[in-house]
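K.L.:
Handing you this structure, nothing more for now.
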Amino acid sequence: MKDKNHIAIIGAGPVGLAAAAHLLEREEQPIVFEAGPEPAFAIKQWEHVKLFSSWEFNIDRTAKRLLDNHGWNQPSQFDLPTGKEFREKYLLPLSSLSEMQSKVRLNSMVTAVSRKHWDKVKDANRGDYPYILTIQQSDGEEYQVETKAVIDTSGTWFNPNPVGSSGIPAPGEKKNEQFITYGIPDVRDTYQSDYAGKSVAVVGSGHSAMQIVLDLLKLQDEASYTRVHWIMRSTNPAKVFGGGENDQLKARGELGERAKKAVEKGVVTLHTPFLLQRIERSKGAHNLEIIGNVQGKSKSVEVDRIIGTTGFRPDLNFIREVRTAIDPAIESVADLAPLIDPNFHSCGSVPPHGVNELKHPDENFFIAGIKSYGRAPNFLLATGYEQVRSIAAYLTGDYEAADKIELHLPETGVCSTDFILDADTEDACCVKDVKSKAEGETGCGCSGQEESETLNAACC
């Protein structure tokens, strides 16, 4: 199939649909490939979760203009939507618009991207050849599409990190996968029977872990025999709980405070710093035995189920024939890595960026959205919208608009990530906080005093 004048967008999530909206406004022809049976299918997996920020910070401005032209009834900008509301009140209406619907192809998984007749090794006149994408449909049939540019917004949701502490699956993790779930399962409703009255280990220390722990505690109110173990590598639990009232996103700060109180009350058994090394079938009353190392000593925890909330990583396999520039550590776009390295940056301290930081050696190929951040968990949805605005301007020759940064982010001092701090740093909320205190200052200053001068945004 020849669509040489089209621009391929991989993934019909919020950033992919925003990219399509920007291209349509600029009279370009996007074609969006969504692996799932519905637009924003990844978000459907966590539709029970409430976002940290209100509607006004989760809607792309160009997509809004497109919706407004069709008489869209926008939700109250001050409400905090759930994932379900985000899909059904914004993303599904956007994808259903007449000019958008014809551009979105569902059940269409991109399994490979390359230059037509020109593999990764060949140099001569490389830029003269169109991109070719292999598409696999839900029935297994395949076809290929030629396009002049590619924007990969496929995300990372379906590629979770393992729970093993070394970045690879722990021995026994794959063998016992029937007892292990990754992400944020709906333990109170859809999957309640899997967890009610069971002993459950939550592995991870970000906001997803906090959400699951608190949901399990609510389930405990209904099924009193439910037991919650919280396993984390962090040596500083106080830092994990975040900035509390200093967090500019109130709902995010409150989540950390509630998780902290649950631990203090003893209704959650906290295991930290726990380096998970092996998972075996239990010989006792439970399904699994989790074996790890705590400060040099072996420790085991027996549970029925494990929920892994250890983050995600990008799937780079299907773009391996494209000449990309990927950071070897974070697996983000290379030029973006110094700006987003979670060793040094919180959500708000990541500077806004656009097409110039997202370019690859193969011209007109881009990775945008959360996948552009690789393994770094400090992505902001508003940042993804800014990325595709800049890319769309570049692809249509509006280089002045592409270079212009139209987004300013808050300095929150906290994010849904573990900052990698020294183990003896007990009173720091982020790396900037460590540096400030080392210089004799009171801290990073994440008190929100600059909020009126910046645009708030939500982690996605």
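K.L.:
Would you check if there is a residue in the range 233-256 being modelled with pLDDT of 85 or more and in a strand (DSSP E or B)? Walk me through how you get there before you give the answer.
P.N.:
Of all residues in the range 233-256, those modelled with pLDDT of 85 or more come to 233.
Restricting the remaining residues to those that are in a strand (DSSP E or B) gives none.
So far as the range 233-256 goes, no, none of its residues is modelled with pLDDT of 85 or more and in a strand (DSSP E or B).
K.L.:
State whether one or more residues within the range 331-338 are farther than 30 Å from Met109 by Cα and assigned by TED's automatic domain parsing to the domain that holds Leu133.
P.N.:
Going through the range 331-338, the residues farther than 30 Å from Met109 by Cα turn out to be 338.
Next, only the ones that are assigned by TED's automatic domain parsing to the domain that holds Leu133 stay: 338.
Checked against the condition, which is being farther than 30 Å from Met109 by Cα and assigned by TED's automatic domain parsing to the domain that holds Leu133, the range 331-338 yields at least one hit.
K.L.:
Using the structure shown, decide if Leu94 is among the hydrophobic types (A, V, I, L, M, F, W, C) and at pLDDT 95 or above. Break it down stepwise before answering.
P.N.:
Values: among the hydrophobic types (A, V, I, L, M, F, W, C): yes; at pLDDT 95 or above: yes.
The answer is yes for Leu94.
K.L.:
Would you be able to tell me the number of residues in the range 39-76 that are in contact (Cβ under 8 Å) with a residue 24 or more places away in the chain, surrounded by 16 or more Cβ atoms within 10 Å (Cβ to Cβ) and assigned to a loop (DSSP other than H, G, I, E, B)?
P.N.:
14
K.L.:
Mind checking which residues of the range 269-297 are over 15 Å from Gly164 (Cα atoms), of a type in the set (S, T, N, Q) and part of a strand (DSSP E or B)?
P.N.:
Hit for the range 269-297 is Thr269, nothing else.
K.L.:
So, of the residues in the range 105-157 that are of a type in the set (A, V, I, L, M, F, W, C) and free of Cβ contacts under 8 Å to residues at least 40 places away in the same chain, which turns out to be farthest from Glu38 (Cα to Cα)?
P.N.:
Taking the range 105-157 and keeping what is of a type in the set (A, V, I, L, M, F, W, C), we get 106, 109-110, 112-113, 118, 121, 124, 132-133, 135, 145, 149-151, 157.
Next, from what is left, pick out any that are free of Cβ contacts under 8 Å to residues at least 40 places away in the same chain: 118, 121, 124, 132.
Working: Trp118: 33, Val121: 36, Ala124: 40, Ile132: 24 Å.
By that ranking, first place goes to Ala124.
K.L.:
When Val350 is evaluated against the numbered criteria (1) buried (at least 21 other Cβ atoms within 10 Å of the Cβ); (2) under 30 Å from Leu24 (Cα atoms); (3) in contact with a helix residue (DSSP H, G or I) (Cβ under 6 Å, 6 or more places away or on another chain); (4) at pLDDT 95 or above, which criterion, by number, is the only one it fails?
P.N.:
The failed condition is (4).
K.L.:
Something else about it: Please find, within the range 356-388, the residue that is surrounded by the most Cβ atoms within 10 Å (Cβ to Cβ) out of those that are free of Cβ contacts under 8 Å to residues at least 60 places away in the same chain and not in a loop (DSSP other than H, G, I, E, B).
P.N.:
So the first thing to find is which residues in the range 356-388 are free of Cβ contacts under 8 Å to residues at least 60 places away in the same chain, and the list is 356-361, 372-373, 376, 386.
Filter again for not in a loop (DSSP other than H, G, I, E, B), leaving 356-358, 372-373, 386.
Values: Asn356: 11, Glu357: 20, Leu358: 24, Ser372: 24, Tyr373: 28, Glu386: 23.
So the residue we want is Tyr373.
K.L.:
Would you point out the residue of the range 307-339, among those that are in contact with a His (Cβ under 9 Å, 6 or more places away or on another chain), outside any helix (DSSP H, G or I) and among the hydrophobic types (A, V, I, L, M, F, W, C), that is nearest to Asn356 (Cα to Cα)?
P.N.:
Val333
K.L.:
If a residue must be of a type in the set (A, V, I, L, M, F, W, C), crowded, with 21+ Cβ neighbours inside 10 Å and either more than 25 Å from Tyr191 (Cα to Cα) or within 26 Å of the chain's Cα centre (by Cα) (or both), how many such residues does the range 269-311 contain?
P.N.:
4
K.L.:
So, in the range 182-199, of the ones that are part of a loop (DSSP other than H, G, I, E, B) and of a type in the set (Ser, Thr, Tyr), which residue ends up surrounded by the most Cβ atoms within 10 Å (Cβ to Cβ)? Spell out how you get there, then give the answer.
P.N.:
Restricting attention to the range 182-199, the residues satisfying the condition of being part of a loop (DSSP other than H, G, I, E, B) are 183-191, 196-198.
Now drop any that are not of a type in the set (Ser, Thr, Tyr), which leaves 190-191.
Working: Thr190: 11, Tyr191: 14.
Per the criteria, the residue is Tyr191.
K.L.:
Restricting to the range 86-100, and then to whatever is touching a residue at least 24 places away in the same chain (Cβ under 8 Å) and of a type in the set (D, E, K, R), can you tell me which residue is surrounded by the most Cβ atoms within 10 Å (Cβ to Cβ)?
P.N.:
Filtering the range 86-100 for residues that are touching a residue at least 24 places away in the same chain (Cβ under 8 Å) and of a type in the set (D, E, K, R), the one surrounded by the most Cβ atoms within 10 Å (Cβ to Cβ) comes out as Arg87.
K.L.:
List, please: which pairs have Cβ atoms under 8 Å, are six or more places apart or on different chains, and start with a residue in the range 277-305 that is within 17 Å of Glu177 (Cβ to Cβ) and end with one that is acidic (Asp, Glu) and outside any strand (DSSP E or B)?
P.N.:
Ile279/Glu173; His286/Asp304; Asn287/Asp304; Leu288/Asp304; Arg305/Asp194
K.L.:
Just to verify a result, which residue in the range 73-91, among those that are modelled with pLDDT of 95 or more and acidic (Asp, Glu), is nearest to Phe41 (Cα to Cα)?
P.N.:
Here the answer is Glu88.
The values are calculated or read from the model by the stated rules, or taken from the named source; none is laboratory data. Bear in mind that the values here come from a model prediction, so they are computed numbers and not experimental data. A quick note on method: Cβ atoms are made from the backbone with ideal geometry, for glycine too, and the neighbour counts reach across all protein chains shown.
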